[in-house]
Number of protein chains: 2
Amino acid sequence: MSDTERGSQTAEERARQQLIDLAAEFYDQFDRGDVPQMTLPTRSKSNIVFDEESHVWVYGDRTSTRSANSVRGARKLLKAAYTIEFLARQLDEERSSTLRELYYLSESWDSEEAGFSSQDESNQLVEDLEIVSGVTREDFHMRPEESGATLMGPLELREQTRRGEREIHCQEDVGEGGYQIPNNPDTIEFLDHDIDFVLCVETGGMRDRLIENGFDEAHNCLVVHLKGQPARATRRITKRLHDELDLPVVVFTDGDPWSYRIFGSVAYGSIKSAHLSEYLATPEARFVGIQPQDIVDYDLPTDPLADSDINALESELEDPRFMTDYWEEQIELQLDIEKKAEQQALASRGLDFVTETYLPERLGEMGVI
Amino acid sequence: MSDTERGSQTAEERARQQLIDLAAEFYDQFDRGDVPQMTLPTRSKSNIVFDEESHVWVYGDRTSTRSANSVRGARKLLKAAYTIEFLARQLDEERSSTLRELYYLSESWDSEEAGFSSQDESNQLVEDLEIVSGVTREDFHMRPEESGATLMGPLELREQTRRGEREIHCQEDVGEGGYQIPNNPDTIEFLDHDIDFVLCVETGGMRDRLIENGFDEAHNCLVVHLKGQPARATRRITKRLHDELDLPVVVFTDGDPWSYRIFGSVAYGSIKSAHLSEYLATPEARFVGIQPQDIVDYDLPTDPLADSDINALESELEDPRFMTDYWEEQIELQLDIEKKAEQQALASRGLDFVTETYLPERLGEMGVI
């Protein structure tokens, strides 16, 4: 048995144990004659704070209680108990399922009261269970609907699949499309690498440009395609690459407020998934561009800011993730020039400009190369 | 030199020659003292017909002429000439680019008049050049922004990458994410296979369910993930699998009018890309479900039809692609029961129901297994 396998079994066993402990707590409460209840951190915006030390979103001290002292509350705990039973069996049988399947599956449960009335309700319950148990959805073997993106670069890895182990080099053993990140990247073990830094890229067009120009080979970098707002799997593997291989991570996006949020979610996590910051966020990740300053310095083709862009920039000025001198300066500059630019606008200087000039200059300034 | 390489060079050479012939025609027109012009099939809806014989959309007989007898027309031909020069050089240098890069690149051209004023304009010109030259965008080495999806199944292929050839078995040499289809699937050569049929699947959740349950292994099928409305690369490889390996193709989607359109685009192409039907459409592809009849037969969990669903179903009744007894019956039934269902609704009968019961029954009825 390999280390990965042993590691993955431990995660499963731990997840299963945490779930059973939760159910046992309901049992003990009944046994003591208490009304069963479950206590959670309050998940309203006012109880989520940006931790200055760890640089990610975390829950504050306030808690809420789900109690069976009302029909509504009792039904919620009933659904939780059924879901726990399903998840524990799923882990036992080494199976997995999607959030949507869970919602539909609840129709087959023997108590009609336990069925979910909407997918929002089942999604919310799984998030609650993640928080209470301290186990991630992936370790419950709940798969996302959204698939992760791709990797390309000098990395050799071993993926533990249901069909056995696969050893894959992310340049030599894959096509031009790259290595497809599995739904649960914790099934991956890093075997060997020649990576100097990890470059996360927002758009497919730019990802393909970097690969065509051989940027990963020329600079020993691992190109991670974010594919817009990155899936959990993509953020998770980025964090693991940073933490386990001690690699710098840089993020390269379009130059508009929505793209800065993509950077923010890679680096600092999001309010919605504050309980996952430790698992998904890479606070050491740094932003390459397109910076508003680049629009000026490289005279890039631009589009004017729309009203929604201006509002988004203004709300970023209030967002603790962007409260640094760097971001304030850049965002103020963008509000001033009233322009935004796409990554691919660099092509206005020729197809090699991004790999021969722009990235070497920016990464040089940042001390990455 | 392998056959693929030779084949691919021929495609490039042919594309380049077609482009140069186009430019030469402008030259000859000038030389003869004629006003240069370019003749195209009229691309309005009224000149696009569903060909009853080939079962795909094709252009009718009407043509339109772009002539340099106005400033606007002259500017259009100037842009065409610059674009032809760029594409011919790109092919010569064995490079490629995206449609968006072409738009931005035009800013670097020496004539300011030749620059595109919007990306719609450059996209449209590339489509015009595809039609006039009879060469596809892929053979001009224009990459799409959207990446293709993944394959999983008993197929061994050779992909010609810029970094050399890669031989990949789409079960044994890939992780659980599968083999990522490259932007231009004509760089792939099929080496060996043990496939009985090709199963195109709309959603990631269902694709993962089939792989987890080992459906591809149990039934020797190649699972193609469509990822919603399929990219050109996904439709192209599906067509090649059908034509070159003589394999039945079946399509498995949600049970709603938008998903029937996904089936329609795989099988019959679309009005927008009528000039590509021969390259992208697989008229022999058949629909597995979710059929409205399945909603009734398997008592699936459903959602009510929204007004937009009803409108879309009604317009499908007028769509020549759906003018068969089968589709009329199914669509009428759906309008009657006023319900729609997702693929994953099959999970209401348990996680194995789709692979143990539903698909074997449906594929049995269809004579596929």
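What follows draws every value from the coordinates through simple rules; no lab data is involved. On a predicted model such as this, the values are computed, not experimentally measured, just so you know. Quick reminder, even Gly has a Cβ in these numbers, built from the backbone with ideal geometry, and neighbours come from all protein chains shown.
Here are a few things to note about the model shown:
- Convex hull volume of the C-alpha atoms in the protein assembly as shown, normalised per residue: 179 Å³.
- Per the axis that maps chain A onto chain B, nearest residue of A (Cβ criterion) and its distance in Å: A:180, 2
- Take B:171-178, A:241-248 and order them by the average number of nearby Cβ atoms within 10 Å per residue, most first; the result is B:171-178, A:241-248.
- Between identical copies, the spacing of residue B:146 label points, each set 7 Å from Cα toward the C-beta atom, reads 1.8 nm from nearest to farthest.
- Residue B:197 long-range amide H proximity, modeled H, under 5 Å: B:222
- Residues in the stretch A:64-69 carry Karplus couplings, in order, of 10, 10, 9, 10, 7, 7 Hz; the curve used is 6.51 cos²θ - 1.76 cosθ + 1.60 with θ = phi - 60°, and Gly or Pro positions show x.
- With the convex hull drawn around the C-alpha atoms of the stretch A:1-104, the volume per residue stands at 171 Å³.
- For the stretch B:149-156, backbone phi angles converted through the Karplus equation (6.51, -1.76, 1.60; θ = phi - 60°) give residue-by-residue couplings of 9, 10, 10, 8, x, x, 10, 10 Hz, Gly and Pro being listed as x.
- Rg then Dmax, both in Å and based on the Cα atoms of the stretch A:272-369: 15.2, 44.
- Sorted shortest first, the separations between the residue B:75 label point and its copies elsewhere in the assembly read 6.3 nm; each point sits 7 Å from Cα along the Cα-to-Cβ line.
- On full extension, the segment bounded by residue A:169 and residue A:315 gains 48.4 nm, given 0.36 nm per residue less the C-alpha separation.
- When each of the peptides B:321-333, A:42-54 is scored by how many other beta carbons lie within 10 Å of its residues on average, the order from highest to lowest is B:321-333, A:42-54.
- Cα coordinate range in the stretch B:90-154, projected on the principal axes (Å, largest first): 52, 25, 22
- For A:252, A:287, B:190, order by how many other beta-carbon atoms lie within 10 Å, fewest first: B:190, A:287, A:252
- Ordering A:94, A:342 from the fewest to the most neighbouring beta carbons within 10 Å gives A:94, A:342.
- Rounded to the nearest 20 debye, the dipole magnitude of the protein assembly as shown is 900 debye, with +1 charges on Lys and Arg beta carbons, -1 on Asp and Glu beta carbons, and the Cα centre as origin.
- Alpha carbon centroid spacing (whole Å) that separates the stretch B:277-301 from the stretch A:150-178: 34 Å
- For the stretch A:25-158: rounded, prolate or oblate by the Cα gyration tensor [a/c cutoff 1.5]: oblate
- Modelled this way, with points 7 Å down the Cα-to-C-beta line, the labels at residue B:146 and residue B:72 are 3.0 nm from one another.
- Backbone N under 20 Å from the residue B:121 label point (7 Å along Cα→Cβ), restricted to the stretch B:57-94: B:65-87
- Partner shielding of A:344-352 amounts to 6, given as the average count of beta-carbon atoms from other chains within 10 Å of each residue beta-carbon.
- In chain B, the ratio of gyration radius to Kirkwood radius, Rg to Rh, stands at 1.01 when only Cα atoms are counted.
- Projected label points at residue A:34 and residue B:46, each 7 Å from Cα along the beta carbon direction, are separated by 7.8 nanometres.
- Peptides B:267-276, B:311-320, B:31-40 ordered by packing proxy, namely the average of other Cβ atoms within 10 Å per residue, highest first: B:267-276, B:311-320, B:31-40.
- Peptide B:300-309 is shielded by partner chain Cβ atoms: per residue, an average of 1 of them sit within 10 Å of its Cβ.
- By the combined test of axial Cα extent (at least 30 Å) and Kyte-Doolittle hydropathy (mean at least -0.5), the qualifying DSSP H helices of chain B come to B:71-92.
- Across A:227/B:272; B:227/B:272; A:227/A:340; A:227/B:227; A:76/A:272; B:76/B:272, pairs whose alpha-carbon gap is larger than 23 Å: A:227/B:272
- Whole-Å semi-axes of the stretch A:150-366's equivalent ellipsoid (Cα gyration tensor): 30, 21, 14
- Cα-projected label distance for residue A:352 with residue B:303, points at 7 Å along beta-carbon direction, nm: 5.0 nm
- In this Cβ point-charge picture (+1 for Lys and Arg, -1 for Asp and Glu), the stretch B:10-143 has a dipole of about 440 debye about its Cα centre.
- Shielding value for A:105-111 is 3, the average number of Cβ atoms from other chains within 10 Å of each residue's Cβ.
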